[in-house]
Amino acid sequence: MANEFDPDLPSNRLIFDIRRDNDVWPHFKERLEELMEAYGLSPAEREAFRAVDVRRLGELGVHPYFLPQVTRLFHGAAGNTTKSAAAEAYRRSFGDQIVEHRDISSEEKPHG
Amino acid sequence: MAEFVSIMAMAHAPGVTGWLDSCPVSDQQAIQAGYEELGQIMRAAKPDVIIGVGNDHLLNLPLKNPPNWRVDCALDWTGPAEFFKAWLKQPGYQVRGRPEIAEIIAREARAAGHKIDRGDGLLFDDNWSVPLWYLGYDVPILPIHMNCINPPVPEPADCIRFGRELRRIVRDVLPAGLRVGLMGTGGLSHEPGGPRYFTMDSKFDRWFLELMEESDADRVIREATVERMNDAGGGGTTELLAWMVAMAAAGGTGARSVFYVASAEMRCGIGASVWSDFA
């Protein structure tokens, strides 16, 4: 089922909290090891964070909605286009599983 | 009794303010024109307060055992929350609340059996910040965050019942003369998390917009299931539950589809429905 996740997983608590804490999220990359220790992440979670492997984080029980936010924590949120550094990191993580949008612009005319 | 003066539902994809200039020009123009029309409609209705219903995005509601709804009783807000400012390319805004109205809604909805919390100081992300960019910041708002993406989410039947309850509260309980706008916000199809992050289901979106045009609550409950929405894009498409609240609040009249753009760069179907007859 979509959106299934483990609400008790330390990674979920970390991501939930950090976006709300303006003293922490700007320094996420620099403080990653300290934060992972403080929240008690498992070795598998830590390895996935270090590798920015959001696909693996999803497999471990991170809520899917958090996954692109993790790439933004590492690569920045501004200009979050489909070609941004955060988006490319997301693609790398999911590899050949990624489904790109099929260009059907000739069939898709805005209507009012 | 109070009255609805405007009811609408719209997408709130972050790129609409964050990176719209990366879209093809035709998409940019259609999206901007669509949102600007919504702003014109809401401003022309001259509401005293805008009630909003939108997905919480796992930013405020607890990860474990979240309520279906949380109505915010703050006197005012600033937004977006800092983490989201660069993403949305927004410098920040301030908007007033109507705590006395919010308290009434929380009390009445809870008494009617809805799983609703009250609080104050919700953090806003794209859920409010994108619609308000076009609707403006002058009218007080009454935000109701809903749980759209943390299973179990409220079913379409729950959302329609909640919309009907809002309709009852506005028409039978809120102070006479109060002019109320209602905005449901979320969707259309998108999957923010998972392998389909970069795609959407425009066929589903067009079908859903037509469903709003028809506004047959029984059919919505029967066909626009949580499972079907997740098939069109997990983690995002169920934000359309907020549209069902707006539809029910309108009382059964049909909506007009204002615009629709299947935007690859937004990674989301972008569109809106407006109800102009409130039965």
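Per-structure values
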| item | result |
| --- | --- |
| 25 °C / 0.890 mPa s Stokes-Einstein diffusion coefficient of segment B:1-52, Kirkwood radius on C-alpha pairs, µm²/s | 193 |
| Average projection area in nm² (convex hull over Cα atoms of segment B:239-279, one quarter of hull surface) | 3.0 |
| Convex hull volume per residue for the protein assembly as shown, taking Cα atoms only, in Å³ | 120 |
| B:VAL53 long-range amide H proximity, modeled H, under 5 Å | B:ILE144, B:MET183, B:GLY184, B:THR185 |
| For B:TYR93, residues with placed amide H under 5 Å, excluding near neighbours | B:GLY79 |
| Above-threshold pairs, the threshold being 29 Å between Cα atoms, out of B:LYS64/B:LYS203; A:LYS29/B:LYS64; B:LYS46/B:LYS115; A:LYS29/B:LYS115; A:LYS83/B:LYS203 | B:LYS64/B:LYS203; B:LYS46/B:LYS115; A:LYS29/B:LYS115 |
| Other protein chain Cβ atoms within 10 Å, averaged over every residue that makes up B:147-159 | 2 |
| Cβ-defined net charge surrounding B:GLY252, 13 Å radius [Lys, Arg +1; Asp, Glu -1] | -2 |
| Trypsin sites (Lys or Arg not before Pro) within segment B:13-82: DSSP coil, no more than 15 neighbouring Cβ in 10 Å | B:LYS64 |
| Span-like helix ranges in chain B, DSSP H, alpha carbon extent 27 angstrom or more, Kyte mean at least -1.0 | B:25-45 |
| Sorted by Cβ neighbour density within 10 Å, fewest at the top, the residues B:THR78, B:THR238, B:THR17, B:THR185 | B:THR78, B:THR17, B:THR185, B:THR238 |
| Separation of the B:LYS46 and A:PHE74 label points, Cα + 7 Å toward Cβ, nm | 5.5 |
| Computed over segment B:143-279, Kirkwood Rh from alpha-carbon pairs, angstrom | 15.1 |
| From the C-alpha gyration tensor of chain A, square roots of 5λ in Å | 29, 16, 13 |
| Order of A:LYS83, B:LYS115 under a 10 Å beta carbon neighbour criterion, fewest first | A:LYS83, B:LYS115 |
| Volume of the Cα convex hull of segment B:16-83, divided per residue and given in Å³ | 149 |
| Shielding by other protein chains, A:62-70, mean Cβ within 10 Å | 6 |
| Partner chain coverage, peptide B:57-70 - average Cβ within 10 angstrom | 3 |
| Integer Hz, Karplus 6.51/-1.76/1.60 couplings in order for segment B:182-189, x for Gly and Pro | 10, 10, x, 9, x, x, 7, 5 |
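Readers should treat all values here as calculations from the given coordinates under stated rules, not as data from a laboratory. Treat the numbers as computed from the prediction; the structure is a model and nothing was measured. Cβ atoms come from the backbone with ideal geometry, glycine included; neighbour counts cover every protein chain shown.
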